[in-house]
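Enquirer: This structure is in structure tokens; I'll ask about it shortly.
The values are calculated or read from the model by the stated rules, or taken from the named source; none is laboratory data. It should be emphasised that the depicted structure is a prediction, and the values quoted were computed from it without experimental measurement. Note that we place each Cβ from the backbone using ideal geometry, even for glycine, and neighbour counts take in every protein chain shown.
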Amino acid sequence: MVGVRPEYAALHPREAPEAIAGAVTLLESLGSAFLVSVEGDGTRVQVTVPEGPQPAVGDRAWVVPDPERLLVYRKDDGELVAPAPSGAGP
């Protein structure tokens, strides 16, 4: 399994290379930002976006994770097996 923290992904309103496509299912206010949940093809991803114009629930959206921030987990037990490259930050 592959994971990425929501702050290390970008939300696009149009199709984008390497994007995970889906529909916006939930918006959660974090104060100065929003956590946007996008679901499609049995996958749910989350991305943080700054305050301002937000997508609406039901909108199509594309999430592009930062490849330098991907984390790899074993599917059977969820153990982290490949952290983000060193120097990529916390």
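Enquirer: Within the bounds of the range 61-79, is there any residue that is among the aromatic types (Phe, Trp, Tyr) and at pLDDT 95 or above?
Expert: Filtering the range 61-79 for residues among the aromatic types (Phe, Trp, Tyr) gives 62, 73.
Within this subset, residues satisfying the condition of being at pLDDT 95 or above are 62.
Yes, the range 61-79 has at least one match.
Enquirer: How about the range 55-82: which of its residues are part of a loop (DSSP other than H, G, I, E, B), touching a strand residue (DSSP E or B) at 6+ places or on another chain (Cβ under 6 Å) and either in contact (Cβ under 8 Å) with a residue 60 or more places away in the chain or of a type in the set (A, V, I, L, M, F, W, C) (or both)?
Expert: Val57, Leu70, Arg74
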